[in-house]
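Notes to accompany the following structure.
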Amino acid sequence: MNTSEQVLDFRSDTFTKPGDGMRQAMAQAQVGDDVFGEDPTVFELEHRTAELFGRQAALFVPSGTMANLIGLALHCQRGHEVIMERRTHSFAHEVGGGSALLGVLFHQLDNPQGYLSISDVKRALRPIDIHAPISRLLVVENTANLCGGKIVPIDHLRGLRRFTQEKGLKLHLDGARIWNASVKSGVALSEWGQEADSLSCCLSKGLGCPVGSLIIGNEEDMQRARWLRKMLGGGMRQAGVLAACGLYALDHHIDRLVEDHAMASELAEGLSQILDDRFHVERPDTNILIINTDSAKSTETTVATWKKAGILCLGLGDTTIRLVTHLDLPKDAATDALRRIRKLA
Ligand SMILES: Cc1ncc(COP(=O)(O)O)c(C=O)c1O
C-alpha cells in the first residue's frame, strides 16, 4: 500500500466513529438517571422512535443483541420454539443467549433467498402434541446481514405476519438495518412497524452512533421490556449522552443511506468485472456486498492481499468475503478501492 493512501475500512458499518455534529449533540445533551425514568433525552429518543415506527412505545437498550434477547423473552417461555432462517443474527451471532438464558429452542431452516417463505414456516410448525415443543415465535431479520443486506419485501413480511397470526405465533423483526430497507424500498418505517409484534433497530450500524439500539412494540410489552433490560444489566444511568447521538442520527443519517447503497452497487459492478471465475460477486440490495469464493484459500489470500493494499474486509466462513459501506468511508471509496484492486490484478 502506498503510505499516503487512506485505509478503506469495509469490514462493517459498526466501525464508524461519531463525527463533530454528533459529538456536539452529546456534549449538549440534557441528562438524568434513566433507571429512574429521569433522562429527558432518552425519553425523547424513545418517543420519537416509537412514533417513527407507528407504535406505542420504545425502549433504549445498549445493543442489538440485548434488544433481540428481550424480544425473545417477551414472547417465549422456557421450552418454546423460535423459528428462523439459519443465517439469522439472533441464532448465528448472539452467543446462543436465547437458549442459555431463556431456555428457548432455535429451529433453523435454510432458504437460499435469505429469508423464510410461508411454506418453510408451515414445515417448521410443531403439531399440538404432548411430545413436541410449542412453536411460539418467528424471527425475521431485515435487512438480512449474512445474506448480503437482503431486503425482505414488505408484502412478503405481511404474508408471514398474517400466517403467524392465524397460527397463534408471534413475530419479532430484527431491524438492526431496517433503515436501509426503508430507504431502499421507499416503504416508510411506520409500515414495517405494523408487521411485527416487536421489532428492534440499531443506531450503531448504518446510522453511525457509537452505541445503542431500541426495542419497539406495544405499551404493555415495553413495560415488561424495561424490567427485562434491568434484569440483564442493561439499565443505564445518564444515557442521554448516547440517546443524543441517536436523535442526531435520526435527523442527519437516514436519507444519506442512499449513498452507501450506491457505493455498494458500484463496488459490486466493478469487482464482478475485475475478479476471475473463482469469485462470484452478489448484487447488493443495500450496503452489504457478499463475494462467494471457490475455497478457503481464495478467501484468505484475497482478504490478506487487499489488506496490504489498504482495503479492509471480512472473510466470513471459508468461502465468503463481506464488504460493508458506511458513512465514514470517503465519497470516492468504491472508485479508489477498484483502482487499487485493478492494480493488484
Ligand atoms: C442483523 C443484526 N442484528 C443484531 C445485531 C447485534 O447488534 P449488536 O452488535 O449491537 O449487539 C447485529 C450486529 O451486527 C446485526 O447485524
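Read-outs throughout are calculated quantities, based only on the coordinates presented, and are distinct from any laboratory measurement. As the structure is a computational prediction, the values presented were derived from the model and not from experiment. When we count neighbours, we look across all protein chains shown, and the Cβ atoms used for this are built from the backbone with ideal geometry, even at glycine.
A few points about this structure:
- Simple point charges give the picture: +1 on the Cβ of Lys and Arg, -1 on the Cβ of Asp and Glu, and for the range 269-345 a dipole about the Cα centre of about 340 debye.
- For the range 187-204, 3J(HN,Hα) per residue [Karplus equation, 6.51 cos²θ - 1.76 cosθ + 1.60, θ = phi - 60°, Hz, x = Gly/Pro]: 8, 5, 4, 5, 6, 4, x, 7, 9, 8, 6, 9, 9, 10, 9, 10, 8, 9
- The simple spin-label model puts a point 7 Å past each Cα toward its Cβ; for D20 and D33 those points are separated by 3.8 nm.
- A simple spin-label model places pseudo-atoms 7 Å from Cα toward Cβ; at M231 and Q194 they are separated by 3.3 nm.
- A protection proxy built from the mean count of other Cβ atoms within 10 Å ranks the segments 52-59, 155-162, most packed first, as 52-59, 155-162.
- The mean sequence distance of close C-alpha pairs (under 8 Å, at least 6 residues apart), as a share of the length of the range 2-71, puts its relative contact order at 13 percent.
- The string of couplings for the range 63-77 from the Karplus curve (6.51, -1.76, 1.60, θ = phi - 60°) is 8, x, 4, 5, 4, 5, 5, 5, x, 5, 5, 5, 9, 10, 10 Hz, one whole number per residue in order, with x for Gly and Pro.
- Residues considered: L45, L173, L232. Largest GNM mean-square fluctuation over the chain, using C-alpha springs under 10 Å, is found at L232.
- Most simply put, the range 72-156 has about 10% antiparallel DSSP beta bridges, counting only bridges with both residues inside it.
- Sequence ranges 112-120, 126-134, ranked by mean other-Cβ count within 10 angstrom, highest first: 112-120, 126-134
- Listed peptides 189-201, 316-328, 297-309 by packing density, highest first (mean Cβ within 10 Å): 189-201, 316-328, 297-309
- Under 5 Å, built H, 5+ apart or other chain: amide partners of E85: L109, L116
- Cα gyration tensor shape of the range 131-245, rounded if a/c is under 1.5, else prolate or oblate by comparing a/b with b/c: oblate
- Computing Rg and the Kirkwood Rh from the Cα coordinates of the range 195-324 gives a ratio, Rg/Rh, of 1.10.
- At 1.306 mPa s and 10 °C, Stokes D of the chain from Kirkwood alpha-carbon radius, µm² per second: 76 µm²/s
- For the chain, with +1 on Lys and Arg beta carbons and -1 on Asp and Glu, the positive-most of A304, G246, W192 along the dipole: A304
- Dipole check for the chain: with +1 at the C-beta of Lys and Arg, -1 at the C-beta of Asp and Glu, and the Cα centre as origin, the magnitude is about 640 Debye.
- Antiparallel %, DSSP beta bridges [both residues in the chain], to 5: 50 percent
- Once backbone amide H atoms are built at 1.01 Å from N, G149 has A144 as its partners under 5 Å, excluding neighbours fewer than 5 places away on the same chain.
- Partner lysines whose Cα lies under 20 Å from the Cα of K205, excluding those fewer than 8 positions away in the same chain, are identified as K17, K150, K184, K331.
- Each label point was placed 7 Å from the Cα along the Cα-to-Cβ direction; for D277 and T320 their separation is 2.5 nm.
- Cysteines of the chain lacking any other cysteine Cβ under 4.7 Å from their own Cβ: C76, C147, C201, C202, C313.
- Relative contact order computed over the range 31-251 (Cα-Cα under 8 Å; 6+ residues apart), in percent: 31 percent
- DSSP bridge orientation in the range 113-252 - percent antiparallel, rounded to nearest 5: 35 percent
- With distances taken between every two different alpha-carbon atoms, the range 105-187 has a Kirkwood hydrodynamic radius of 13.6 Å.
- The phi-based Karplus calculation (6.51 cos²θ - 1.76 cosθ + 1.60; θ = phi - 60°) puts the 3J(HN,Hα) values of the range 261-277 at 5, 5, 5, 5, 5, 4, 4, 4, 4, x, 5, 5, 7, 7, 6, 7, 7 Hz, whole numbers, x for Gly and Pro.
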